[in-house]
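The values are calculated or read from the model by the stated rules, or taken from the named source; none is laboratory data. Quick caveat, the model's predicted, so the values are computed rather than measured. Here the Cβ positions follow ideal geometry from the backbone for every residue, glycine too, while neighbour counts run over all protein chains shown. Areas reflect the complete protein model, heavy atoms only, side chains present, ligands, DNA and RNA absent. Shrake-Rupley method; radii C 1.70, N 1.55, O 1.52, S 1.80 Å.
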Amino acid sequence: MSASAIFVLDLKGKVLICRNYKGDVDMAEIDHFMPLLMQHEEEGLLCPVLSHGSVHFMWIKHSNLYLVATTNKNANASLVYSFLYKLVEVFTEYFKELEEESIQDNFVVVYELLDELMDFGFPQTTDSKILQEYITQEGTKLEVAKSKVPTTVTNAVSWRSEGIKYKKNEVFIDVIESINVLVNANGSVMSSDIVGSIKLKTMLSGMPELRLGLNDRVLFALTGRDKGKTVVMEDVKFHQCVRLSRFESDRTISFIPPDGESELMSYRINTHVKPLIWIESVIEKFSHSRVEIMVKAKGQFKKQSVANNVEVRVPVPSDADSPKFKTSTGNAKYVPEKNLVVWTIKSFPGGKEFLMRAHFGLPSVEKDELEGKPPITVKFEIPYFTVSGIQVRYMKIIEKSGYQALPWVRYITQSGDYQLRTNV
């Protein structure tokens with residue numbers, strides 16, 4: 001089961017727009033949502049599902065809006081939340097910014113979208129590219145478009161329109177890997193994994209059939225080939241265009257792609273990752289006078305690779321003042337509202353080491369409350385490099401007209417949740 005009704009509220013709990021799909025929950029029940037939310041917030045017990053009697057409210061907050069789904073059944077919560085986030089995505093595609101003003105300015109279009117996105121509490125067409133074919137933002141076009149429902153809605157390939165034409169046929173493949181690392185104060189890696197995503201930008205005419213080949217260990221084992229480096233992918237999720245039956249039977253990633261930009265698949269690789277940028281820190285506090293910070297950053301990746309836009313965020317006491325910095329490269333600045341020193345290095349070659357020293361004054365009166373010990377966090381991006389060693393072995397493009405198309409591949413490694421705990 002899914003949602004009974006969908007509401008969009010402002011921050012005070014006033015209903016801006018709503019759509020009743022099933023009629024089995026009294027629409028006045030929404031009046032209980034805001035008092036419940038405030039009560040739970042005051043008690044520090046805020047949770048994503050709130051209940052009043054037999055009615056359950058599933059909600060998310062976006063910008064200055066609450067999107068709320070109501071139900072009195074044992075609904076599939078993950079489906080409802082996926083739908084609420086999809087609503088945000090579709091509205092953002094239409095109005096660029098999703099906030100109170102954009103809902104009020106586009107009332108008719110929002111209502112049309114709510115009508116198409118869900119039917120009797122079940123999600124229907126949720127692809128914004130397809131919706132834009134027959135729900136447009138110009139009122140005059142709206143009537144004309146209504147007379148003919150695009151074939152994509154009734155088509156087996158609902159994510160792609162027919163008759164797409166390009167002068168130059170190309171497909172761009174981005175393999176993006178984010179590294180999650182947690183290092184304890186003794187320098188041991190507590191947890192690490194890689195979360196990957198393969199994104200496409202497709203500019204192909206007609207209805208092409210694409211086949212993507214990766215150095216997937218399971219595939220190599222199935223075909224009896226075991227040459228070179230292979231990867232074991234877990235938690236693989238595909239775009240709806242991928243033929244899952246083919247993948248399950250012979251690990252072939254075969255699909256008719258959506259036009260333009262899309263995420264083809266995501267995966268996780270559960271492996272021990274050596275931190276690519278290693279941080280050593282010495283933080284000395286001299287009570288009632290000053291705090292001295294020394295941070296050493298070392299690139300633990302290949303010398304031919306370069307990390308771009310590196311940010312090392314070092315926490316400092318909330319009562320610190322009069323900062324002084326010295327860096328061997330890049331620049332450091334104090335961000336008092338976040339109690340951080342942010343050391344920025346535009347270009348960080350592999351194998352190099354850099355130093356940053358910071359000096360802060362401390363007030364003579366000691367603060368009573370104990371502060372936590374937030375970790376040092378690092379942000380970076382390394383192009384032309386993947387930690388896991390995943391590779392696009394081939395991309396075959398087959399289209400009945402027989403045109404030649406060029407696939408382009410780019411690899412990027414970036415920081416995900418990258419934390420190093422400190423002793424102080």
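What the table below lists for this structure:
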read-out	value
Residue check for residue 101: touching a residue at least 12 places away in the same chain (Cβ under 8 Å) and open to solvent by 60 Å² or more (accessible area, probe 1.4 Å)	no
Long-range neighbours under 6 Å by Cβ, at least six apart or interchain, first residue farther than 21 Å from residue 233 by Cα within the stretch 184-195, second at pLDDT below 90 and surrounded by fewer than 16 Cβ atoms within 10 Å (Cβ to Cβ)	185/423
Flag for residue 263 being acidic (Asp, Glu) and under 26 Å from the mean Cα position of the chain (by Cα)	yes
Test set (1) out of contact with any His (no Cβ under 9 Å at 6 or more places or on another chain); (2) over 20 Å from residue 192 (Cα atoms); (3) touching a residue at least 24 places away in the same chain (Cβ under 8 Å) - residue 282 fails condition number	(3)
Looking only at the stretch 25-67, and only at residues there that are part of a helix (DSSP H, G or I) and aliphatic (A, V, I, L, M), the one that is most open to solvent (accessible area, probe 1.4 Å)	38
Those residues of the stretch 265-300 which are open to solvent by 20 Å² or more (accessible area, probe 1.4 Å) and either touching a Pro at 6+ places or on another chain (Cβ under 8 Å) or not in a strand (DSSP E or B) (or both), in sequence order	270, 271, 272, 274, 285, 287, 288, 289, 300
Selection status of residue 92, hydroxyl-bearing (Ser, Thr, Tyr) and open to solvent by less than 10 Å² (accessible area, probe 1.4 Å)	no
Residue in the stretch 374-383 that is open to solvent by 50 Å² or more (accessible area, probe 1.4 Å), modelled with pLDDT of 95 or more and assigned to a strand (DSSP E or B) present	yes
Filtered residues of the stretch 404-424 (kept if open to solvent by less than 70 Å² (accessible area, probe 1.4 Å), in a loop (DSSP other than H, G, I, E, B) and of a type in the set (S, T, N, Q))	422
Tabulated pairs, the stretch 391-403, first in contact (Cβ under 8 Å) with a residue 60 or more places away in the chain and exposed (fewer than 14 other Cβ atoms within 10 Å of the Cβ), second assigned to a strand (DSSP E or B) and not hydrophobic (A, V, I, L, M, F, W, C), C-beta under 8 angstrom, 6+ apart or interchain	393/213; 394/211; 394/213; 396/211; 396/213; 398/209; 398/211
Hey, residue 116 touching a helix residue (DSSP H, G or I) at 6+ places or on another chain (Cβ under 8 Å), open to solvent by less than 50 Å² (accessible area, probe 1.4 Å) and among the acidic types (Asp, Glu) or not	no
Residue match in the stretch 9-21 (condition: among the acidic types (Asp, Glu) and either more than 24 Å from residue 111 (Cβ to Cβ) or open to solvent by 40 Å² or more (accessible area, probe 1.4 Å) (or both))	no
Some residue of the stretch 72-82 being open to solvent by 10 Å² or more (accessible area, probe 1.4 Å), within 19 Å of residue 122 (Cβ to Cβ) and among the aromatic types (Phe, Trp, Tyr)	yes
Selection count where residues are modelled with pLDDT of 95 or more, open to solvent by 50 Å² or more (accessible area, probe 1.4 Å) and either closer than 12 Å to residue 381 by Cα or outside any strand (DSSP E or B) (or both), scope the stretch 329-353	3
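To keep it simple, each residue is scored yes or no on (1) closer than 23 Å to residue 136 by Cα; (2) touching a Phe, Trp or Tyr at 6+ places or on another chain (Cβ under 7 Å); (3) among the aromatic types (Phe, Trp, Tyr).
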{"residue": "40", "(1), (2), (3)": "no, no, no"}
{"residue": "54", "(1), (2), (3)": "no, no, no"}
{"residue": "66", "(1), (2), (3)": "no, yes, yes"}
{"residue": "73", "(1), (2), (3)": "no, no, no"}
{"residue": "86", "(1), (2), (3)": "yes, no, no"}
{"residue": "99", "(1), (2), (3)": "yes, no, no"}
{"residue": "109", "(1), (2), (3)": "yes, yes, no"}
{"residue": "125", "(1), (2), (3)": "yes, no, no"}
